[in-house]
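Undergrad: One structure coming up, written as structure tokens, with questions to follow.
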Amino acid sequence: MNAVKEPSFRESVDLMFNRAVALMDLPPGLEEKIRVCNATYTVRFGVRLRGKLHTFTGYRSVHSEHMEPVKGGIRFAMGVNQDEVEALAALMTYKCALVDAPFGGSKGGLRIDPREWDEHELELITRRFAYELIKRDLINPAQNVPAPDMGTGEREMAWIADQYKRMNTTDINGRACVTGKPINGGGIQGRTEATGRGVQYALQEFFRYPEDTKAAGLSGKLDGKRVIVQGLGNVGYHAAKFLQEEDGCKITAIIERDGGLMDEDGLDVEAVRNWIASHGGVDGYPKGKYIRDGAKYLENDCDILIPAAMEGVINMSNAANIKAPLIIEAANGPVTAGADDILRAKGCVIIPDMYANAGGVTVSYFEWVKNLSHIRFGRLGRRQEEARHQLIVDELQRLDAHLGDKWVMTPNFKQKYLRGAGELELVRSGLDDTMRAAYQAMRETWHSREDVEDLRTAAYLVSIGKVATSYRALGL
Ligand code: GLU
């Protein structure tokens, strides 16, 4: 038994919050106001399935309403409980503030194992849960806007949006009641992979600063770095895939529910994902070394560790054995407050969840704006931009003809330059910009203050500062 008790997820978030506010000068009472969760609604509802009435328990927690709507995903998992939903809602508040997404924080959860139910049953359950939340304005484009999380995706979001539409037939902004919808149901290009893309952009930005890279005991660029990924779900898969295919990283271990795979020469992310899809797990994958106790691979030697599965996987029982000099928290709360102390003391650099996985909510923000403006991004300007580029290309071509062999236009230049930005390009550009700006705000605090030792404390300082400013503007 550990002499010091492992804090719960919510206690962990509070402990990390307290560490940061101790370094701030907040007016009395405001600290408490920001920390506490405003309200958590618990609902128990019945759905008749397979000839019998089944009762389900769901939650929607609202952490902070300093800005509305409040925002945050809905997860479907057996482990869902009030403590978890409240911790996740608090993280949403800090996350949105850090990346300047104009929302308060919220989170929802339904205690269910989605794999136990078929699609039609899941639809009935989801619609019923949504009904309970919609009628209390806990799903509403102006007040509370859910999104996907663990165990949910665009299919569930489409059911929720449709349920809202049925109950609010004249709300012209109804589609903005939920984000992460399919493209043909009011979604936005690039939302599905947004969290994984954000993890990639976060790492790219980190490696732009030799001073920060050095703080983690690393050097050089992302290219060639050995990466371990835990969880090949939506977030882990996209992060690992982009890092492998676009940044030259080597994925040396993949940890999944049923075990871990390791290959120092690098695993093919796409092939492993396909294997999981057809075999239900990583066991039996023809390459690499498989072990049933996959969590052991968290302790392998590597450059970057990406926990992308769930909370608490790096805790006081394994933190001392973690060898990764750099951890990027793609999941919410994967490192407990106790483990954070141990890792910090070892000199490990942790890129914290509230920043690392903020790509999802950032693109959700773009989707919400798109729904409210009722127009696709790029629709007005794209052709005009292309026409202006055409002018320059025509001019360059004239020069090309005039100068003959003395100057030759770069092959492909015309094709690349002529293409105006469509929705996907704009979403990526907005996400990249957001991830860079938020990182810069964190590192500025990290390096400019003697009393700030780590990026997590810096992230809390930046975000709590922004929430406090909003409260002050409200006269509180
Ligand atoms: N569930 C995601 C998160 O934890 C996305 C939330 C959203 O897009 O509102 O950040």
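Bear in mind that the values in this text are calculations on the coordinates, not laboratory data. Predicted model only: the values in this text are computed from it and were never measured. Because the Cβ atoms are built from the backbone with ideal geometry, glycine has one as well, and the counts that use them run over all protein chains shown.
Undergrad: Over the chain, what is the percentage of antiparallel beta bridges among all DSSP beta bridges, to the nearest 5? Intermediate results must be reported in sequence, preceding the final value.
TA: Working: 25 of 49 bridges.
In the chain, approximately 50 percent of DSSP beta bridges are antiparallel ones.
Undergrad: Loop only per DSSP, at most 14 neighbouring Cβ atoms within 10 Å: give me the trypsin sites (Lys or Arg not before Pro) in the range 31-82, ordered by residue number. Provide the component values of the computation, followed by the final result.
TA: Working: sites: 33, 35, 44, 48, 50, 52, 60, 71, 75; in loops: 50.
In loop regions of the range 31-82 (DSSP not H, G, I, E or B), the sparsely surrounded trypsin sites (Lys or Arg not before Pro) are 50.
Undergrad: State whether the chain is rounded, prolate or oblate according to the following rule on the C-alpha gyration tensor (a ≥ b ≥ c being the square roots of its eigenvalues): a/c under 1.5 gives rounded; otherwise a/b larger than b/c gives prolate, and the remaining case gives oblate. Spell out each step's value before the answer.
TA: Working: a/c = 1.33, a/b = 1.14, b/c = 1.16.
Rounded, since a/c falls under 1.5.
Undergrad: What does DSSP give for the range 259-405 in terms of the percent of beta bridges that are antiparallel, rounded to the nearest 5?
TA: Working: 3 of 9 bridges.
In the range 259-405, DSSP labels about 35 percent of beta bridges as antiparallel.
Undergrad: Can you show me the helix-derived [θ] at 222 nm for the chain, built from DSSP H runs with n ≥ 4 at -39,500 (n - 2.57) apiece and divided by the number of residues, rounded to the nearest 500. Walk me through the intermediate numbers first.
TA: Numbers: 16 runs with 212 residues, N = 476.
Dividing the helical sum by the residues of the chain leaves -14000 deg cm²/dmol.
Undergrad: Let me ask something else. Percent relative contact order of the range 377-464, based on C-alpha pairs within less than 8 angstrom and at least six residues apart?
TA: Dividing the mean separation by the residue count of the range 377-464 yields 27 percent.
Undergrad: Still on this structure, I have one more. In the structure shown, do any of 5/214; 5/296; 95/296 have a Cα-Cα gap over 25 Å, and if so which?
TA: Details: 5/214 33 Å; 5/296 22 Å; 95/296 30 Å.
With Cα atoms farther than 25 Å apart: 5/214; 95/296.
Undergrad: Work out from phi, with θ = phi - 60° and the Karplus expression 6.51 cos²θ - 1.76 cosθ + 1.60, the ³J(HN,Hα) of each residue of the range 96-109, listed in order in whole Hz, and give x for Gly and Pro.
TA: 4, 5, 4, 9, 6, 9, x, 10, x, x, 8, 7, x, x
Undergrad: For residue 215, what charge total do you get from the other residues with a beta carbon under 11 Å from its beta carbon, if Lys and Arg give +1 and Asp and Glu give -1? Show your work: numbers first, answer last.
TA: Working: positive: 214, 443; negative: 211, 212, 453, 454.
So the surrounding residues net to -2.
Undergrad: Please state the shape class of the range 224-382: rounded when a/c is under 1.5, otherwise prolate if a/b exceeds b/c and oblate if not, all from the C-alpha gyration tensor. Before the final figure, lay out the partial values.
TA: Details: a/c = 2.10, a/b = 1.38, b/c = 1.52.
Verdict is oblate for the range 224-382.
Undergrad: Also, quick follow-up: In terms of Cα to Cα distance under 28 Å, which lysines are near enough to residue 165, apart from those fewer than 8 places away along the same chain?
TA: List returned: 71, 107, 135, 181, 370.
Undergrad: Can you sort 353, 14, 293 so the residue with the fewest Cβ neighbours within 10 Å comes first?
TA: Working: 353 26, 14 18, 293 9.
Ascending Cβ contact count within 10 Å gives the list 293, 14, 353.
Undergrad: Shifting gears a bit: Report the trypsin sites (Lys or Arg not before Pro) located in the range 279-344 that are in a DSSP loop and have at most 12 other Cβ atoms inside 10 Å of their Cβ, or state none. Mind dumping the intermediate values first?
TA: Working: sites: 287, 289, 292, 296, 323, 344; in loops: 287, 292, 323.
Answer by residue number: 292.
Undergrad: Now, a different point. Quick check: residue separation of residue 119 and residue 398 times 0.36 nm, minus the Cα distance between them. What number comes out in nm?
TA: Numbers: separation 279, 0.36 × 279 = 100.44 nm, distance 5.99 nm.
Result: 94.4 nm gained on full extension.
Undergrad: On to the next question. Which order results if 160, 464 are arranged by neighbouring Cβ count within 10 Å, fewest first?
TA: Values: 160 27, 464 24.
Exposure proxy ranking, most exposed first: 464, 160.
Undergrad: Going 7 Å from the Cα of residue 283 toward and past its Cβ, which residues in the range 229-267 have a backbone nitrogen under 20 Å from where you end up?
TA: Counting backbone N atoms under 20 Å from the label point, the list is 230-233, 254-263.
Undergrad: Hey, rough spin-label estimate for residue 50 and residue 6, points 7 angstrom out along Cα→Cβ, what's it come to in nanometres?
TA: Using points 7 Å along Cα→Cβ, the separation is 3.1 nm.
Undergrad: Within 12 Å, Cβ to Cβ, of residue 318, how many net charges do the neighbouring residues add up to if Lys/Arg are +1 and Asp/Glu are -1? Walk me through the intermediate numbers first.
TA: Details: positive: 296, 323; negative: 6, 293, 299.
Here the count lands on -1.
Undergrad: Tell me the net charge near residue 264. Cut-off is 11 Å between Cβ atoms, residue 264 excluded, with +1 for each Lys or Arg and -1 for each Asp or Glu.
TA: 0
Undergrad: Shifting gears a bit: Defining a contact as two alpha carbons under 8 Å apart and six or more residues distant in sequence, what relative contact order in percent does the chain show? Don't skip to the answer; put the middle values down first.
TA: Details: 910 pairs, mean separation 74.4, N = 476.
Once divided by the residue count of the chain, the mean separation gives 16 percent.
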